[in-house]
Amino acid sequence: MFHTRKILTAFFLFFTGIVAAQGQPKKAVADKIIAVVGDRIILYSDIKNSISDLARQGVAIPDSAECQITEQAIVSKVLMLQAEKDSLPVTDEEIEAELDQKVRYYINQMGSQQALEDVAGKTVYQIKDDARESVRERKLAEAMQQKIVGGVKITPTEVRNFFERIPKDSLPFFETELEIGQVVIYPKASHDLEQYIVSEMNNYKRQVETKLATFDQLAKRYSEDPGSKDRGGDYQINRNEKTWDPAFLSASFRLKNGEISAPVKSDKFGYFLIQMVERKGDDAHVRLILRVPPVTDAELNLAISKLDSVRSKVVAGTLGFNEAASKYSNDEAAKFSSAFILNREGAPYVTIDQLDKDMVAMIGKMKVGDVSAPVIFTSDQGKKGVRIVYLKSRSEPHRMNLRDDYSKISQMALEEKKGIVLDKWLRERIPTYYIMVDNAAAADCPKVQKFASSDSKGF
């Protein structure tokens, strides 16, 4: 069966064991050293926790997972040690940024910082301290890997040769992919409606301050933020994380513990009411209530008229679609990066399941090259808007081929070539490192056994 060779990296669990068997009695796992690389050790618990982490992420776990991850862990240690020898730069700031990002990920997964700390049996700061060295080692390994394969390029001839080596009965099948652009306008609500929302939010604040209701009760009842409504508006935030709305972030970090803000206007979302639960440096635990001032038919009709004029220029060829998005769209992604909807890899090719249901209904009636009439829709944040949609391309379901899938095949060929370069480097460099492998692991995993130093008898 055809597959793309991957460059080896270790998949160590970031916080060893902290999310294992949540809500279940913890079982003790007998631990032992499974390999030694130079002066660094690899524990059996590292391997088992990595497998558990992948399983929690929904990755299918093969029977050979322990062997594969042990092999990857040994390679990662070699890369890391070589990076130290070569004095490759990995800054404390990079390490801290990744630690913060991972902590926030697990807090969001578990619902709160307290839940994370309860499961881990230690504070967030202790968790970060315990993980800091493993993050540093992994980033050094990544830097060394980049030094080895960063300059690898691929030619059209190599792409074709790669494709022709794939057995025809192993070519993957691709579903329909689409290139879809949009120009979006979110009409502003009238001043009177905005003031009505502000007065309602000031009333929520009074209710909390006079103890008629708690903030989380009001958030569950009135908030229009789908991401936090059910948990009472609860969020863990960080001052340096750029994904948060700037107005919300700025207002949050001006609050003292227990303080509630005045209504905060966000051009992107609506109005926030924010309660600071607890702040520790650049990290904070807050609650919020989001209200979106409703727009009337009058505002929507004005947006429809404006986009109808934009569409006429695009259809006439006097205005490019990307230019139209940059000039008129209220959608940040369309305005500053691309008018086209991007997939998870950042490419402008999406499948039906990545689109909202209203978009799916629209494109089902469109031909390639069509620009739709302006249509009213509701965003994921609950805001009403108007958009025109451009269907640039639609691929039919097909087996992989050079004409339709050259960029995908090129990337696969490049990854294979990088893997070959890395393998060659490892064959030359590994004999210069002392590597000892547990006898049982070596016996069960031939690919691991090959790493053992010739003067090593295992342990």
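Some values worked out for this structure:
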| item | result |
| --- | --- |
| Pairs, first free of Cβ contacts under 8 Å to residues at least 40 places away in the same chain in the range 376-399, second surrounded by fewer than 16 Cβ atoms within 10 Å (Cβ to Cβ), C-beta under 6 Å, six or more apart | 377/358 |
| Top-ranked residue in the range 247-291 [being part of a strand (DSSP E or B) and basic (Lys, Arg); ranked as nearest to residue 99 (Cα to Cα)] | 280 |
| Residue match in the range 154-165 (condition: under 30 Å from residue 326 (Cβ atoms), surrounded by 14 or more Cβ atoms within 10 Å (Cβ to Cβ) and of a type outside the set (Val, Ile, Thr)) | no |
| Per-region count, the range 50-76, residues in a helix (DSSP H, G or I), closer than 20 Å to residue 142 by Cβ and modelled with pLDDT under 80 | 2 |
| Residue check for residue 312: of a type in the set (Ser, Thr, Tyr) and either in a helix (DSSP H, G or I) or without any contact (Cβ under 8 Å) to a residue 12 or more places away in the chain (or both) | yes |
| Looking only at the range 370-399, and only at residues there that are of a type outside the set (Gly, Ala, Ser), more than 15 Å from residue 359 (Cβ to Cβ) and out of contact with any helix residue (DSSP H, G or I) (no Cβ under 9 Å at 6 or more places or on another chain), the one that is surrounded by the fewest Cβ atoms within 10 Å (Cβ to Cβ) | 397 |
| Residue within the range 336-345 that is buried (at least 17 other Cβ atoms within 10 Å of the Cβ) and aliphatic (A, V, I, L, M) present | yes |
| Answer residue from the range 30-49, given it is more than 26 Å from residue 429 (Cα to Cα) and surrounded by 14 or more Cβ atoms within 10 Å (Cβ to Cβ) and is modelled with the lowest pLDDT among those | 49 |
| Helices (runs of 4 or more DSSP H) (entirely within the range 387-459) containing at least 2 residues that are at pLDDT 90 or above and within 26 Å of the chain's Cα centre (by Cα) | 402-429 |
| Condition check for residue 269: crowded, with 20+ Cβ neighbours inside 10 Å, more than 24 Å from residue 384 (Cβ to Cβ) and touching a Phe, Trp or Tyr at 6+ places or on another chain (Cβ under 9 Å) | no |
| Unique residue being in contact (Cβ under 8 Å) with a residue 12 or more places away in the chain, in the same structural domain as residue 287 (by TED's automatic domain parsing), acidic (Asp, Glu) and touching a Lys or Arg at 6+ places or on another chain (Cβ under 9 Å) when the list is 137, 158, 200, 98 | 200 |
| Residue check for residue 241: of a type in the set (Asp, Glu), in a loop (DSSP other than H, G, I, E, B) and within 20 Å of residue 116 (Cβ to Cβ) | yes |
| For residue 130: the one exception among (1) assigned to a helix (DSSP H, G or I); (2) touching a Phe, Trp or Tyr at 6+ places or on another chain (Cβ under 7 Å); (3) of a type in the set (D, E, K, R) | (2) |
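The values are calculated or read from the model by the stated rules, or taken from the named source; none is laboratory data. Being a predicted model, the structure only gives us computed values, none of them experimental. As a convention, Cβ positions derive from the backbone with ideal geometry for all residues, glycine included, and neighbour counts pool all protein chains shown.
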